[in-house]
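Notes follow the structure.
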Amino acid sequence: MKEIKDCKIKTENLSLFYGPKQALNNISLEVPSQKVTALIGPSGCGKSTFLRTLNRMNDLIDKVKITGKVYVDNQDIYDKKLDVVDLRRRVGMVFQKPNLFPMSTYDNVIYGTRLNGIRNRKKQDEIVEKSLNQAALWDEVKDRLHEPGLGLSGGQQQRLCIARTLAVEPEIVLMDEPASALDPISTAKIEELIHDLKKLYTIVIVTHNMQQAARVSDLTAFFYLGELIEFDKTKKIFTKPKIKQTEDYVTGRFG
Amino acid sequence: MERLFDIQIEKLKTRLIKMCSLVDEQVDFAIKAMEEEDADLAQVVVDRDKKVDKYDVKIEKVCQKIFALNQPVAMDLRLIMSSLTINNNLERIGDIAVNIAEAFLILKKKPSFIDKTKFSEMAKVAKEMVKDSIDAFIENDAKLAQKVLKTDDILDELNSENHKILIELMKADPAVIEEAVSLLVTSRQMERMGDHATNIAEDVYFIVEAQLIKHKYEKIMLDDDNDDDAETEN
């Protein structure tokens with residue numbers, strides 16, 4: 001593939017070890033800005049582990065060792081001087097299962113922003129409305145903002161998690177199988193949302209659902225046994241992949 | 001354990017190969033019927049066209065089912081997309097064989113001046129193109145497919161020459177007009193047969209090499225960056 005224009009995230013020879021076990025081997029990848037990059041591969045291939053290196057969520061796991069570099073906007077994010085909390089604001093994450101706080105919809109959205117020092121009520125209201133609109137949820141919850149978030153449906157809860165991530169104005173949104181716990185209609189709404197979000201944010205999504213990767217992403221990276229096998233435009237990966245292993249995986253012959 | 005999807009693909013390939021054999025034989029018989037003045041053989045070709053049509057429908061149904069129930073990608077997608085158009089082209093070749101057989105049944109005999117025309121040469125080239133395109137599909141042979149593409153120009157040239165010869169024959173002897181016009185049409189039919197064989201060869205190339213070669217061998221890359229730029233502008 002040609003060199004990426006406008007690279008937002010770059011890894012160089014990235015390897016990761018859980019104790020003695022190597023989970024990622026020498027991954028060099030460039031993620032372009034304001035596009036959706038999908039990470040696909042069979043279970044245990046390292047795609048979620050790789051995703052977590054992009055906002056240092058792996059720091060929270062014991063005995064993890066990383067070699068190589070990860071850059072966001074040309075800044076080494078494993079530099080000791082880096083503010084990791086701010087990194088995780090800039091590089092937000094949405095998980096497979098919605099993980100709302102036991103609070104109202106409103107408070108869930110505004111929680112991170114309050115922590116960042118926004119106290120003005122009018123400003124908070126604006127942020128809540130804007131974030132919920134961006135997450136395509138505003139119309140459904142505007143009349144019950146102060147009711148518990150956990151009372152919403154699964155699909156709504158996941159969009160609320162997305163709104164919460166967007167409220168702190170990230171640049172990048174990482175999504176780890178964001179729709180795998182949802183019904184087909186909620187999944188379709190999340191996919192439409194991703195399509196809209198990429199106009200403003202850089203998105204990296206891990207998915208087991210190849211058809212989803214084909215539908216939502218601009219680029220696709222195929223991982224296998226901790227290695228990056230192929231990375232190219234999604235159209236290419238699903239019509240004419242270069243590597244036989246990639247073709248065998250996307251056609252369902254293994255994995 | 002074999003995947004259900006693989007079983008469906010094998011079913012598709014088997015039906016297509018049977019369709020190929022049948023159509024190949026129809027072409028052979030139709031031309032032989034004319035060359036050896038065999039009316040019974042011509043009738044066999046006409047009667048057997050129903051079988052070709054049945055295969056056409058069955059193959060389309062299998063392709064439709066595969067698309068509806070699966071989401072084929074990469075080489076599977078290319079195979080099934082191409083199967084639809086190959087099937088279509090085979091059915092048309094089958095129709096042409098019937099037209100040639102029916103033309104002979106009307107004439108009831110080989111025109112006396114046939115050896116002055118390029119009929120035999122055209123028949124040989126057209127038969128070979130059909131056979132080669134079918135073999136290329138069965139063997140996944142991109143090189144053989146390319147050979148078929150190059151041969152089409154020869155057939156076109158023979159058709160043009162035939163056209164001129166027949167016009168001259170008609171001018172010289174109006175009594176032969178009916179037979180000459182029939183041969184003119186048959187000549188055109190054989191040229192069309194070559195075009196359909198060429199289409200099949202193009203599809204084989206697409207299946208094997210994942211490249212579209214259409215409109216005089218202009219290569220169109222599947223991942224042409226120009227396509228993406230056009231989409232962005234829209």
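Quick note: the coordinates plus some simple rules give every number you see, no bench work behind them. Please read all numbers here as calculations on a predicted model, not as lab measurements. With ideal geometry, Cβ positions are generated from the backbone for all residues, glycine too; neighbour counts draw on all protein chains shown.
In straight-distance terms, cross-link reach from residue A:123 covers every one of the lysines whose alpha-carbon lies under 18 Å from its own, apart from those fewer than eight places away in the same chain; here that gives A:142.
When restricted to Cα atoms, region A:96-158 yields an Rg and a Dmax of 11.2, 32 Å, respectively.
Among the aspartates and glutamates, select those whose C-alpha is under 15 Å from the C-alpha of residue B:116, and discard any that sit fewer than 8 residues away in the same chain. List returned: B:35, B:161, B:168, B:173, B:179. Evaluated with a Cβ-only charge set (Lys, Arg +1; Asp, Glu -1), chain A carries a dipole of roughly 360 debye about its Cα centre, given to the nearest 20.
Around the amide H of residue A:205, modelled in the peptide plane, lie the amide H atoms of A:37, A:38, A:39, A:175, all under 5 Å away and 5 or more residues distant in sequence or on another chain. With 23 Å as the limit on Cα-Cα distance, the pairs of A:8/A:198; B:51/B:110; B:32/B:131 that go past it are B:51/B:110. Of the listed pairs A:189/B:61; A:80/A:233; B:18/B:50; A:47/A:236; A:21/A:47, which have alpha-carbon separations greater than 26 Å here? Cα-Cα > 26 Å for A:189/B:61; A:80/A:233; rest within. Once the convex hull of all Cα atoms in region B:4-223 is built, its volume per residue stands at 106 Å³.
Say the cut-off is 30 Å between C-alpha atoms; which of A:35/A:122; B:108/B:171; B:171/B:214; A:65/A:235; A:199/A:244 go over it? A:35/A:122; B:171/B:214; A:65/A:235; A:199/A:244, as the Cα separations exceed 30 Å there. Under 5 Å between amide hydrogens, built in the peptide plane, is the criterion, and for residue A:224 it picks out A:229 among residues at least 5 positions away or on other chains. For trypsin sites (Lys or Arg not before Pro), the sites in region A:175-251 that DSSP calls loop and that have at most 14 other Cβ atoms within 10 Å are A:199, A:242.
In order along region A:195-200, the phi-based Karplus estimate (6.51 cos²θ - 1.76 cosθ + 1.60, θ = phi - 60°) of 3J(HN,Hα) comes to 4, 6, 4, 5, 5, 10 Hz; Gly and Pro are listed as x. All other residues whose Cβ lies under 13 angstrom from that of residue A:49 are scored, Lys and Arg at +1 and Asp and Glu at -1, for a net of +2. Springs join every pair of Cα atoms under 10 Å in this Gaussian network model of chain A, and among A:241, A:102, A:42 the largest mean-square fluctuation is at A:102. Here residue A:63 is the anchor, and the aspartates and glutamates within straight C-alpha reach of less than 19 Å, apart from those fewer than 8 places off in the same chain, are A:79. Calculate the spin-label point distance for residue A:43 paired with residue B:112, positioning each point 7 Å from the Cα along the beta-carbon direction, and give it in nanometres. Calculated label separation equals 8.3 nm.
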